[in-house]
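> One structure is given below, represented as structure tokens, and several questions about it will come after.
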Amino acid sequence: MARKYGDVKYRVIQEAGIGKKIAKRARADVGGTVAAATSERILIEDTTRAVTVTLPASPSFEDEVSVVVINGRLDNVVARNGQRIQGLTEDLTIDVENAAFSLIYVNSTFGWRII
């Protein structure tokens with residue numbers, strides 16, 4: 001399901017009330033997984049379980065993905081998909097309630113940077 005707030009389009013990830021295509025991807029793994037596309041803003045609403053947002057595998061300089069968490073959980077994850085996040089070779093656990101942030105891809109050394 002897509003929602004539009006102003007000029008920004010969000011894909012909504014939740015247990016009920018979403019489009020079949022996203023629902024299948026969100027349920028692909030235990031806890032739910034969704035593959036983020038470049039220039040996409042992911043809104044995580046599913047309070048029943050953690051959601052993993054997988055970053056693009058082959059990003060280009062200045063590609064951006066935004067994540068907005070409103071499910072109150074402390075165990076949502078941004079999966080790095082082979083690229084670094086903040087220069088580290090580990091996934092990002094979102095352990096702050098209702099976090100909102102963007103990641104911009106810089107290069108293979110630094111990877112995705114949180115802004």
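The values are calculated or read from the model by the stated rules, or taken from the named source; none is laboratory data. Quick caveat: nothing in here was measured; it's all calculated off a predicted structure. Neighbour counts are summed over all protein chains in view; Cβ atoms, including those assigned to glycine, are modelled from backbone coordinates with ideal geometry.
> Within the range 71-92, take every residue that is among the aliphatic types (A, V, I, L, M) and touching a strand residue (DSSP E or B) at 6+ places or on another chain (Cβ under 7 Å) and give me the one that is surrounded by the fewest Cβ atoms within 10 Å (Cβ to Cβ). Break it down into steps so the answer makes sense when it comes.
From the range 71-92, those among the aliphatic types (A, V, I, L, M) are 74, 77-79, 85, 88, 92; that's our starting set.
When the remaining residues are screened for being touching a strand residue (DSSP E or B) at 6+ places or on another chain (Cβ under 7 Å), the result is 77-79, 85, 92.
Values: Val77: 17, Val78: 23, Ala79: 19, Ile85: 21, Leu92: 20.
Checked the range 71-92; the qualifying residue surrounded by the fewest Cβ atoms within 10 Å (Cβ to Cβ) is Val77.
> Based on this model, can you work out whether Val53 counts as closer than 15 Å to Ile114 by Cβ and among the β-branched types (Val, Ile, Thr)?
The answer is yes for Val53.
> In this structure, is Val65 in contact with an Asp or Glu (Cβ under 8 Å, 6 or more places away or on another chain), modelled with pLDDT of 85 or more and surrounded by 17 or more Cβ atoms within 10 Å (Cβ to Cβ)?
On the way: in contact with an Asp or Glu (Cβ under 8 Å, 6 or more places away or on another chain): yes; modelled with pLDDT of 85 or more: yes; surrounded by 17 or more Cβ atoms within 10 Å (Cβ to Cβ): yes.
Yes; evaluated as a whole, the condition is true for this residue.
> Please go through the range 46-92 and pick out each residue that is assigned to a strand (DSSP E or B) and either aromatic (Phe, Trp, Tyr) or more than 15 Å from Val34 (Cα to Cα) (or both).
Glu64, Ile85, Leu88
> Going through the range 93-104 one residue at a time, which ones are in a strand (DSSP E or B), loosely packed, with under 15 Cβ neighbours inside 10 Å and in contact with a Leu (Cβ under 9 Å, 6 or more places away or on another chain)? If you could, list the steps in order and put the result at the bottom.
Let us first name the residues in the range 93-104 that are in a strand (DSSP E or B), namely 93-94, 100-104.
From what is left, the residues that are loosely packed, with under 15 Cβ neighbours inside 10 Å are 93, 100, 102.
Answer for the range 93-104, where residues must be in a strand (DSSP E or B), loosely packed, with under 15 Cβ neighbours inside 10 Å and in contact with a Leu (Cβ under 9 Å, 6 or more places away or on another chain): just Thr93.
> When the range 57-115 is examined, which residues are found to be small (Gly, Ala, Ser) and over 16 Å from Glu40 (Cβ atoms)? Break it down stepwise before answering.
From the range 57-115, those small (Gly, Ala, Ser) are 57-58, 60, 66, 72, 79, 82, 87, 99-100, 102, 108, 111; that's our starting set.
Gly72, Gly82, Gly87, Ala99, Ser108, Gly111 - these are the residues of the range 57-115 that are small (Gly, Ala, Ser) and over 16 Å from Glu40 (Cβ atoms).
> Can you confirm whether Ile42 is modelled with pLDDT of 90 or more and not hydroxyl-bearing (Ser, Thr, Tyr)?
Working: modelled with pLDDT of 90 or more: no; not hydroxyl-bearing (Ser, Thr, Tyr): yes.
Judged against the criteria, Ile42 is not a match.
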